[in-house]
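This is the structure I have questions about; it appears just below.
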Amino acid sequence: MCNNHTPGPWWVDEDGYIAAGGGDDYVTIAEILGANDEIDVIRANAALIAAAPELLDALQEILQITEYLAPEKFDDAAHQGAFDATLARARAAISKAKGA
């Protein structure tokens, strides 16, 4: 788990802010803005951002399990290459999320 960001879960509060924590003891992470008050776009972006900590954790777990269970399991170079490229994308996304 990445410990360099505000721990999850994150959620969207009634005013459309991304928040973490609970009850009266929560912290605002971000306010999502949109052009011309595109409320559906704002809500969709807020939901995606609020899911970020869980998505990062899940991706890290999937990558770790996949690297352990499925190293070089393909009989042909094309499938192995596609598999390796997908793992590389996962590693890059994790690095980006961690600010590395």
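At a probe radius of 1.4 Å, what is the per-residue accessible area of Ile49, in Å² to the nearest 10?
Only protein atoms counted, so the area is about 60 Å².
For region 15-80 and region 81-99, what is the centre-to-centre distance using only Cα atoms, to the nearest Å?
After rounding, the separation between the Cα centres reads 14 Å.
Something else: Only one of the values (i) 36, 32, 22; (ii) 53, 32, 20; (iii) 46, 44, 24 was calculated from this structure for Cα extents along the principal axes in Å; name its label.
(ii)
If you don't mind, there's one more thing I want to ask. Which percent of the accessible heavy-atom area of the chain goes to carbon and sulfur, probe 1.4 angstrom?
In the chain, the share of accessible area belonging to carbon and sulfur is 56 percent.
Could I ask something else about it? Any idea how far apart Leu63 and Ala100 come out in nm if each label point goes 7 Å out from Cα toward Cβ?
According to this spin-label approximation, the distance is 0.7 nm.
Counting only helical runs of four or more DSSP H residues, what would the 222 nm mean residue ellipticity of the chain come to if each run contributes -39,500 (n - 2.57) and the total is spread over all its residues? Walk me through the numbers before you get to the answer.
Working: 3 runs with 51 residues, N = 100.
So the helix-based figure for the chain works out to -17000 deg cm²/dmol.
Another question, then. Just to be sure I follow the definition: excluding the sites themselves, where is the longest run in the chain that has none of the GluC sites (Glu not before Pro) in a DSSP loop with at most 16 other Cβ atoms within 10 Å? Mind showing how you got there, number by number?
On the way: sites that count: Glu14, Glu38, Glu72.
With a cap of 16 other Cβ atoms within 10 Å, the longest stretch comes to 39-71.
Which one, Ala90, Ala19, Ala44, has the greatest fluctuation when you compute a Gaussian network model over the chain with C-alpha springs under 10 angstrom?
Answer for the Gaussian network model of the chain: Ala44.
How much area per residue is accessible in region 16-60 when the probe is 1.4 Å and only protein heavy atoms are counted (Å²)?
On a per-residue basis, region 16-60 sits at 63 Å².
Just to verify a number: FRET efficiency for Glu54 and Thr6, C-beta to C-beta distance, R0 = 22 Å, to 0.05?
Once the sixth-power term is evaluated, E becomes 0.95.
Now a separate question. Which FRET efficiency value, to the nearest 0.05, do you get for Val41 and Asp76 by plugging their Cβ-Cβ distance into 1/(1 + (r/R0)^6) with R0 = 41 Å? Present the calculation step by step, with values, prior to reporting the outcome.
On the way: r = 42 Å, r/R0 = 1.03.
E between Val41 and Asp76, to the nearest 0.05, is 0.45.
The values are calculated or read from the model by the stated rules, or taken from the named source; none is laboratory data. Everything numeric in this text was worked out from a predicted model, so none of it was measured. Methodologically, a virtual Cβ is constructed for each residue, glycine included, from the backbone with ideal geometry; neighbour enumeration extends over all protein chains shown. Accessible surface areas use protein heavy atoms only, side chains included; no ligands, DNA or RNA. Shrake-Rupley method; radii C 1.70, N 1.55, O 1.52, S 1.80 Å.
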